[in-house]
Amino acid sequence: MNWQRIAASWGLSSKTLQLAQTVEEELTGPFAAYYELGQENHLKVLKACQKFQLGAYHFASSTGYGYSDLGRDALEEIFANYFGTEAALVRPQIASGTQAITAALFGLLRPGDELLSITGPPYDTLRTVIGTEGNAVGTLREWGIKYQEVPLKDGRPDFAAIKSAVGPQTKVIAIQRSRGYSWRPALTISQIEEMVCAVRSVSDAVIFCDNCYGEFVEPIEPTHVGVDIMAGSLIKNPGGALAPYGGYLVGKEELIEQVAAHLTAPGLGRAVGGSHDLARITLQGFFQAPLVVAEALAGATFASRLFELSGYPVQPRSTERRGDIVTAIRLGHPKKLEAFCQTVQKAGPVDSNILPVPAPMAGYNHQVIMAGGTFIEGSSIELSADGPLYPPYIVYLQGGICRSHVQIASCLALEAVEEIS
């Protein structure tokens, strides 16, 4: 980047300019590694498209029930091929990652079964789904499904505790790859593989993984190392900033059928539910997603290093291996959290004139501030930032379809928070 021109155009101080130049020079190696990873995964998606013999006729729309929707079938075959699974469920009818996960849990669990989380408490909205927080109707607890969790130990899986927690009623064992609103590292594939091995040494329970924010971050995915079924959102990594909504599940065919029976109806399962004229754009997003994720990873690492050098604790550090596209920055002050998010909003291409403020949000027990000047509402593969309003006031920065946008927004946000004492 021509930082002199950027500084003049965006009004960056000489101090921030020098810091940004230093960070970019330091990260030449990591940037190159991310782009090589993106190309590697991109070519795998290309192979999946060619193996299925994807054709223009797959982009035709369907109506009504969506029986024999060729685009939907192509989409699910290509997802299953890339993720190394027997089957997939990729649907615009899935509104979010939370709904994809909820469909999996209700599809796989029955009254009297136990759900065991081995990565500590899940993120806020899923705690509502389980029934451990709030008073929502239709939770797992209301359906007589038991729940327990094994906390992480210093941010890492506690293998001894995992083995002892698994019991005869444990039906589904859940792994959350990303951090949610918590100060802990996202899990790498090697850590997930260790967790799978630990579980398999004592149980044949279904191993489920919430893969939100983790797709294409490494050369392989959790389903390549023994995870039975996995879920995510199309407005995060795998949508490539093109899919306007939707979610996915991939895994063993019998498990996907169980989830499909919950999502549509028993006896109908995957046979119904049209692609709503979205097969082309969703497939195109998936095709370019690895390259977009590489840009997001490069931008996230730049932000980590920028704030590290400015004295803020970050998670992960710029030298640490990443398990997702999220950077957590501990700001330590509510006004700094607000200033950070408001500046990211100002730096966005959409709604840059809107001022985000903390507000109650469905599924969360605290006020949350969210910045998302994105083309797709809530898209977190596009640059966004958010955080709950409680100490130590951590902001979670994610996405960025090009590194330069993340770099500019990060520099502006740093200047905004540094103005607050």
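Scanning segment 15-31 for residues that are of a type outside the set (A, V, I, L, M) and either in contact with a His (Cβ under 6 Å, 6 or more places away or on another chain) or under 17 Å from Ala416 (Cβ atoms) (or both) turns up Lys15, Thr16. Return yes or no: is Gly71 closer than 25 Å to His276 by Cβ and over 29 Å from the mean Cα position of the chain (by Cα)? Criteria not met by Gly71.
Residue under question is Leu12, and the condition is that it be assigned to a loop (DSSP other than H, G, I, E, B) and either in contact (Cβ under 8 Å) with a residue 60 or more places away in the chain or among the polar types (S, T, N, Q) (or both); does it hold?
Values: assigned to a loop (DSSP other than H, G, I, E, B): yes; either in contact (Cβ under 8 Å) with a residue 60 or more places away in the chain or among the polar types (S, T, N, Q) (or both): yes.
So Leu12 fits the description; yes.
For beta carbons closer than 8 Å, sequence separation of 6+ or different chains, a first residue in segment 243-260 that is modelled with pLDDT of 95 or more and a second that is of a type in the set (Ser, Thr, Tyr) and part of a helix (DSSP H, G or I), the qualifying pairs are Ala243/Thr282; Gly246/Thr282; Val250/Thr223; Gly251/Thr223. Hey, could you check segment 320-331 for residues that are more than 15 Å from Leu306 (Cβ to Cβ) and within 17 Å of the chain's Cα centre (by Cα) and say which is surrounded by the most Cβ atoms within 10 Å (Cβ to Cβ)? Here the residue is Ile325. Only residues that are among the aromatic types (Phe, Trp, Tyr), over 14 Å from Arg280 (Cα atoms) and in contact with a Leu (Cβ under 8 Å, 6 or more places away or on another chain): list them for segment 45-89, please. Scanning segment 45-89 gives no hits.
Residue-wise test of (1) surrounded by fewer than 23 Cβ atoms within 10 Å (Cβ to Cβ); (2) touching an Asp or Glu at 6+ places or on another chain (Cβ under 6 Å); (3) closer than 28 Å to Glu36 by Cα.
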| position | (1), (2), (3) |
| --- | --- |
| Glu149 | yes, no, no |
| Lys153 | yes, no, no |
| Ala160 | yes, no, no |
| Arg184 | yes, no, yes |
| Leu187 | no, no, yes |
| Ser190 | yes, no, yes |
| Ala198 | yes, no, no |
| Glu221 | no, no, yes |
| Lys236 | no, no, yes |
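Here are Ala100, Ala104, Ala136: which of them is out of contact with any helix residue (DSSP H, G or I) (no Cβ under 7 Å at 6 or more places or on another chain) and not assigned by TED's automatic domain parsing to the domain that holds Asp386?
On the way: Ala104 fails: out of contact with any helix residue (DSSP H, G or I) (no Cβ under 7 Å at 6 or more places or on another chain); Ala136 fails: out of contact with any helix residue (DSSP H, G or I) (no Cβ under 7 Å at 6 or more places or on another chain).
The conditions single out Ala100.
Is segment 101-124 home to any residue that is charged (D, E, K, R), surrounded by 18 or more Cβ atoms within 10 Å (Cβ to Cβ) and under 17 Å from the mean Cα position of the chain (by Cα)? Taking every residue of segment 101-124 in turn, at least one turns out to be charged (D, E, K, R), surrounded by 18 or more Cβ atoms within 10 Å (Cβ to Cβ) and under 17 Å from the mean Cα position of the chain (by Cα).
For (1) in contact with a Phe, Trp or Tyr (Cβ under 6 Å, 6 or more places away or on another chain); (2) of a type in the set (D, E, K, R); (3) closer than 18 Å to Leu234 by Cα, each residue gets a yes or a no:
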residue	(1), (2), (3)
Gly29	no, no, no
Tyr35	no, no, no
Gly38	no, no, yes
Val45	yes, no, yes
Tyr57	no, no, no
Tyr67	no, no, no
Arg72	no, yes, yes
Glu76	no, yes, yes
Ala80	no, no, yes
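Within segment 268-297, the set of residues being crowded, with 24+ Cβ neighbours inside 10 Å and of a type in the set (Phe, Trp, Tyr) comprises Phe286 only.
Of everything in segment 369-421 that is without any contact (Cβ under 8 Å) to a residue 40 or more places away in the chain and among the polar types (S, T, N, Q), the residue that is surrounded by the fewest Cβ atoms within 10 Å (Cβ to Cβ) is Ser421. Restricting attention to segment 317-336, the residues that are touching a strand residue (DSSP E or B) at 6+ places or on another chain (Cβ under 9 Å) and either closer than 18 Å to Ser380 by Cα or at pLDDT below 95 (or both) total 6. Being in contact (Cβ under 8 Å) with a residue 40 or more places away in the chain and either assigned by TED's automatic domain parsing to the domain that holds Ser318 or within 17 Å of Tyr248 (Cβ to Cβ) (or both) is a property that Leu46 lacks.
Which one of Pro356, Pro360, Pro334 is under 13 Å from Leu389 (Cβ atoms), buried (at least 19 other Cβ atoms within 10 Å of the Cβ) and not acidic (Asp, Glu)? Break it down stepwise before answering.
Working: Pro360 fails: buried (at least 19 other Cβ atoms within 10 Å of the Cβ); Pro334 fails: buried (at least 19 other Cβ atoms within 10 Å of the Cβ).
None of the others qualify; the one that does is Pro356.
Of the numbered criteria (1) assigned by TED's automatic domain parsing to the domain that holds Val227; (2) among the small types (Gly, Ala, Ser); (3) over 30 Å from Gln148 (Cα atoms); (4) surrounded by fewer than 19 Cβ atoms within 10 Å (Cβ to Cβ), the one Gly66 fails is (4).
The values are calculated or read from the model by the stated rules, or taken from the named source; none is laboratory data. Just so we're clear, the structure is a prediction, and the values are computed from it rather than from any experiment. Here Cβ is always computed from backbone atoms with ideal geometry, including for glycine, and neighbour counts include all displayed protein chains.
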